[in-house]
1. Can you pull out the residues in segment 35-53 that are under 10 Å from Ile309 (Cβ atoms) and in contact with a Lys or Arg (Cβ under 9 Å, 6 or more places away or on another chain)?
2. Quick check on my filter: what residues within segment 257-286 are over 22 Å from Ala46 (Cβ atoms), in contact with a strand residue (DSSP E or B) (Cβ under 8 Å, 6 or more places away or on another chain) and outside any helix (DSSP H, G or I)?
3. If you check Leu196, Leu191, Leu202, which single one turns out to be more than 23 Å from Val293 (Cα to Cα), assigned to a loop (DSSP other than H, G, I, E, B) and open to solvent by 20 Å² or more (accessible area, probe 1.4 Å)?
4. Is one or more of the residues making up segment 36-56 of a type outside the set (A, V, I, L, M, F, W, C), buried (at least 20 other Cβ atoms within 10 Å of the Cβ) and farther than 24 Å from Pro25 by Cα?
5. Just to be sure before I move on: is Asn306 open to solvent by 50 Å² or more (accessible area, probe 1.4 Å) and out of contact with any Gly (no Cβ under 6 Å at 6 or more places or on another chain) in the structure I sent?
6. Find the strands (runs of 3 or more DSSP E) located wholly in segment 47-135 whose residues include 3 or more that are in contact (Cβ under 8 Å) with a residue 40 or more places away in the chain, farther than 20 Å from Lys253 by Cα and within 17 Å of the chain's Cα centre (by Cα), and list them.
7. If we scan segment 252-264, do we find a residue that is over 23 Å from His31 (Cα atoms) and out of contact with any Asp or Glu (no Cβ under 7 Å at 6 or more places or on another chain)?
8. Could you say whether any residue in segment 110-126 is within 22 Å of Glu35 (Cα to Cα) and modelled with pLDDT under 95?
Amino acid sequence: MEGIEHRMVKVNGTNIHIAEKGEGPVILFLHGFPELWYSWRHQILALSSMGYRAVAPDLRGYGDSDVPDSVDSYTCFHIIGDLVELINVVDPDEGKVFVVGHDWGAILGWYLCMFRPDKVKALVNLSVPFLRFHREIKPVDFWISYYGSDHYMSRFQEYGEIEGEFAEIGVERVVKEYLSDFPVLLPKGKLFKRPLDEAITLPFWLSEEEASYYVTKFQKTGFTGPLNFYRNLNRNWELLKPWVGSKIKTPAKFIMGDKDLVYGVPGMKDYIHNGGFQEDVPSLQQVVVMEGVGHFINMEKPDEINQYIYDFFTQFH
């Protein structure tokens with residue numbers, strides 16, 4: 001794509017694929033599920049033309065990066081360890097970068113600021129706000145208590161089970177269903193709302209050619225690596241107990257769509273707008289809720305997101 005360069009970087013014994021373009025201060029872009037570096041294609045092209053060096057990895061388990069076999073290799077500490085070392089590689093002089101995250105990438109962005117604030121100049125996160133650590137209930141149990149055992153985070157827990165169901169449907173169908181309308185519930189025997197013999201009309205912001213890039217990569221790697229992020233939710237809850245009550249002090253901006261499934265989570269609007277979010281992230285400078293926009297906000301509204309990122313980061317250099 002238009003001058004984007006690709007290379008493999010070895011971090012902590014794991015080969016991580018990165019896409020990069022541009023010269024200047026580094027912006028590290030972190031993708032979510034079920035995505036790849038490719039979800040940031042619009043941002044890479046735009047921000048690299050605005051005086052930044054855009055760097056977007058495939059997180060471990062995804063795309064052209066290594067896919068460790070063990071579920072235990074996907075805790076928050078493993079992933080953040082990759083990112084810290086990656087920052088050292090791509091910015092050896094300063095060792096400190098701008099970060100943009102979406103979905104799981106946003107969660108990792110918050111963690112990176114919490115564990116290693118010395119590595120992040122400023123943060124723009126999309127879709128997922130900082131989530132307080134509930135002291136009494138494990139994350140998967142929390143989601144089940146609201147949505148029942150068909151909730152996707154519950155259905156992703158049993159190793160191999162959902163992979164088998166995805167295999168029956170086929171990678172192409174699964175990827176297109178997720179990118180078109182991220183499902184919250186995955187009932188056994190009827191994972192998606194549409195009948196399997198009904199054609200999927202892709203959203204306006206995703207072409208067949210673009211969708212096929214995702215399909216090709218997930219056909220190669222499968223879904224187990226990405227699903228292992230979810231299989232460590234309860235483990236992360238245990239590991240993160242020393243950080244209960246911690247505040248994020250890195251300058252931050254948060255953007256989401258009002259049609260995002262995350263915005264509809266019980267209590268989420270109250271947390272975002274009525275003081276809780278600001279209390280947990282005292283350096284939060286702005287919250288933007290984009291009307292009529294869904295989960296994959298950086299692909300659905302690339303021009304607006306690019307400008308928000310540029311305007312925010314330009315304050316800091």
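1. Leu47
2. Asp258, Val262, Tyr263, Val281, Ser283, Leu284
3. Working: Leu191 fails: open to solvent by 20 Å² or more (accessible area, probe 1.4 Å); Leu202 fails: more than 23 Å from Val293 (Cα to Cα).
That would be Leu196, the only listed residue that is more than 23 Å from Val293 (Cα to Cα), assigned to a loop (DSSP other than H, G, I, E, B) and open to solvent by 20 Å² or more (accessible area, probe 1.4 Å).
4. No; the residues of segment 36-56 include none that is of a type outside the set (A, V, I, L, M, F, W, C), buried (at least 20 other Cβ atoms within 10 Å of the Cβ) and farther than 24 Å from Pro25 by Cα.
5. So Asn306 fails the test.
6. The strands (runs of 3 or more DSSP E) meeting that bar number zero.
7. So the first thing to find is which residues in segment 252-264 are over 23 Å from His31 (Cα atoms), and the list is none.
Within segment 252-264, not a single residue is over 23 Å from His31 (Cα atoms) and out of contact with any Asp or Glu (no Cβ under 7 Å at 6 or more places or on another chain).
8. Looking for residues that are within 22 Å of Glu35 (Cα to Cα) and modelled with pLDDT under 95, one finds none in segment 110-126, hence no.
The values are calculated or read from the model by the stated rules, or taken from the named source; none is laboratory data. Every value quoted in this text rests on a predicted model; they were computed, and no experiment measured them. Heads up, the Cβs are rebuilt from the backbone with ideal geometry, glycines too, and the neighbour counts pull from every protein chain shown. Side chains are part of the model used for accessible areas, which takes the heavy atoms of the whole protein and leaves out ligands, DNA and RNA. Shrake-Rupley method; radii C 1.70, N 1.55, O 1.52, S 1.80 Å.
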